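Input: a single structure, listed below in structure tokens.
The values are calculated or read from the model by the stated rules, or taken from the named source; none is laboratory data. Fair warning: this is a prediction, and the values are worked out from it, not measured in the lab. Neighbour counts are summed over all protein chains in view; Cβ atoms, including those assigned to glycine, are modelled from backbone coordinates with ideal geometry. To get the accessible areas, we keep the full protein, side chains included, count just its heavy atoms, and leave off ligands, DNA and RNA. Shrake-Rupley method; radii C 1.70, N 1.55, O 1.52, S 1.80 Å.
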Amino acid sequence: MFMLSGRPLYAVGFAATVAALVWVPPALAEPAPPYEVLIDQLDQIPVAIEAEALHDAATARIRQARALPNPEIALEAENVYGRSPFAGYGSAETTLSINQPLELWGQRGARVNAAQAQADAAGLRREQVRWITAGVLAQAYAEAEAASLRYDLAVEALSLTQADADAVMALVEEGREPTLRGVQAESEVEAARAVVDEARANREAIFAYLTALALRAEPITSINTSLLDRAPKPAAPATRDVLAVQVAEAELDAADRLVTVERLRARPDVTASIGVRRFEEYDVEALTFGVSVSLPLFDRNSGAISAARAERRAAEARLDSQRWEAQAAYRAAQAGLDASISRTRAADGGVAAAEEAYRLARVGFDAGRISQLELRSSRAALISSRNAAVEARLARVRAEIDLARLEGRAPFGEAP
């Protein structure tokens, strides 16, 4: 990567030596799979499995909504085991009937439409969860790579600091610098060593998180395929609503259809019946048929209708809020991505300038024309510029993640 190239040649030997001293390889080392491989395995992540299961449940409710109500079979005997002339079973009238509830007023169609709308909303939520998870994965991948680079830069900074300290100690031994300069140089080396320890701890923590997120049995300890070096395309004008708005629109449609369902449930229940009645006294049978209608005197489903209408108002308010938030978030993501691209380009230029400045400062210090303070300042500027370049790339990845989440796609992927 750019910040690990172009370093002063005299620092290479020190870097190798210090790295050998401060780095202890783990017992089991496994590089992270390429980013595209992890994205292809999104369906194996528990939150994605949960979203898929919820969508399957909503789809199953569509099949259930299409089901017709079950008929009832009734057997009824009249005029039996009473007083004369109805003693015994000789005057019995036995009726076997089938009763079928009828879904009139469009009740079944409304129920199916509501289930379909809920399944559509669940499908969009499944996609939303998928791309949010992709963003989390990309964030962890980029953070792990950045942590690894910070550790490498800290090791290199330690080697540069040690090299400068050795040069200062040589001047102290020659009597060209006071002993205080040597003490200051050793203090800087210890501070740089503490930065290395901190960078190592941070690297191990983020790699552990990436290992868990990627569902890997063996710990991931390195990144072979860079995500920070990928330059996303500049943001293009949106051609459709962002995914969060689509989800809110689907939820509003589902809430609207549920209002229709609850309103039609207030209609009377109608049941048709047909059967056969046997008259024991005359040893004959006759058909029976009829229709029963419920009277909505006490329960008119008014509470459920009011609740459904309130939920619809809530869904409408969420949609309005989501539209305003999405519009602002999309503009911010576009601006952030454009700014991060420019920031990365500027950071790369700063690294090149800082490396040249440090090279000249070190040559001047060795020749006795540059003071230790100026050398220290140029070294600090070089370390800061290299870390700034890492942060600029990480910010670019984060901006791409924000934009991809709004557009409904994987970071650095094409919009569906």
Completion exercise
Leu124 fails exactly one of (1) touching a residue at least 40 places away in the same chain (Cβ under 8 Å); (2) within 16 Å of the chain's Cα centre (by Cα); (3) open to solvent by 70 Å² or more (accessible area, probe 1.4 Å), namely (3)
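Looking at the stretch 70-85, can you tell me whether even one residue there is part of a loop (DSSP other than H, G, I, E, B), loosely packed, with under 12 Cβ neighbours inside 10 Å, at pLDDT 85 or above and not charged (D, E, K, R)? Quick ask: steps written out before the conclusion?
Going residue by residue through the stretch 70-85, those that are part of a loop (DSSP other than H, G, I, E, B) are 70-71, 79-85.
Still in the list and also loosely packed, with under 12 Cβ neighbours inside 10 Å: 70, 81-85.
Then keep just the ones that are at pLDDT 85 or above; that gives 70.
With not charged (D, E, K, R) added as a condition, the list becomes 70.
Looking for residues that are part of a loop (DSSP other than H, G, I, E, B), loosely packed, with under 12 Cβ neighbours inside 10 Å, at pLDDT 85 or above and not charged (D, E, K, R), one finds at least one in the stretch 70-85, hence yes.
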Problem - Pairs where the first residue, in the stretch 214-226, is open to solvent by 40 Å² or more (accessible area, probe 1.4 Å) and the second is among the hydroxyl-bearing types (Ser, Thr, Tyr), C-beta under 8 Å, 6+ apart - result: Glu218/Thr211; Pro219/Thr211; Thr225/Tyr35
Exercise for the section: Kindly check whether there is at least one residue in the stretch 190-208 that is buried (at least 20 other Cβ atoms within 10 Å of the Cβ) and either at pLDDT below 80 or in contact with a Gly (Cβ under 6 Å, 6 or more places away or on another chain) (or both). Expected result: no
Problem - Leu360 open to solvent by 60 Å² or more (accessible area, probe 1.4 Å), modelled with pLDDT of 85 or more, under 30 Å from Ser385 (Cα atoms) and of a type in the set (A, V, I, L, M) - result: yes
Practice task
Within the stretch 393-407, identify whether any single residue is more than 23 Å from Ala138 (Cα to Cα) and open to solvent by 50 Å² or more (accessible area, probe 1.4 Å), and answer yes or no.
Solution key: no
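So which of Ile370, Ile401, Ile383 is of a type in the set (Val, Ile, Thr) and at pLDDT below 80? Spell out the reasoning first.
Working: Ile401 fails: at pLDDT below 80; Ile383 fails: at pLDDT below 80.
Answer to the selection: Ile370.
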Completion exercise
Leu180 passes all but one of the listed conditions (1) open to solvent by 60 Å² or more (accessible area, probe 1.4 Å); (2) touching a residue at least 60 places away in the same chain (Cβ under 8 Å); (3) assigned to a helix (DSSP H, G or I); the exception is number (2)
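Report whether or not Val276 is touching a Leu at 6+ places or on another chain (Cβ under 7 Å), open to solvent by 60 Å² or more (accessible area, probe 1.4 Å) and over 30 Å from Ala328 (Cα atoms). Give the steps one after another, and end with the answer.
Values: touching a Leu at 6+ places or on another chain (Cβ under 7 Å): yes; open to solvent by 60 Å² or more (accessible area, probe 1.4 Å): yes; over 30 Å from Ala328 (Cα atoms): yes.
Yes, satisfied.
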Practice task
Just one of (1) touching a residue at least 12 places away in the same chain (Cβ under 8 Å); (2) touching a Lys or Arg at 6+ places or on another chain (Cβ under 9 Å); (3) within 30 Å of Ser91 (Cα to Cα); (4) among the charged types (D, E, K, R) trips up Glu285, so point out which.
Solution key: (1)
Practice task
Report yes if some residue within the stretch 97-115 is modelled with pLDDT of 80 or more, under 30 Å from Val261 (Cβ atoms), part of a helix (DSSP H, G or I) and charged (D, E, K, R); otherwise report no.
Solution key: yes
Exercise for the section: Scan the stretch 3-17 and give yes if some residue there is modelled with pLDDT under 90, surrounded by 16 or more Cβ atoms within 10 Å (Cβ to Cβ) and under 19 Å from Ser222 (Cβ atoms), otherwise no. Expected result: yes
Exercise for the section: Scan the stretch 243-258 and give yes if some residue there is under 24 Å from Ala122 (Cα atoms), at pLDDT 90 or above and basic (Lys, Arg), otherwise no. Expected result: yes
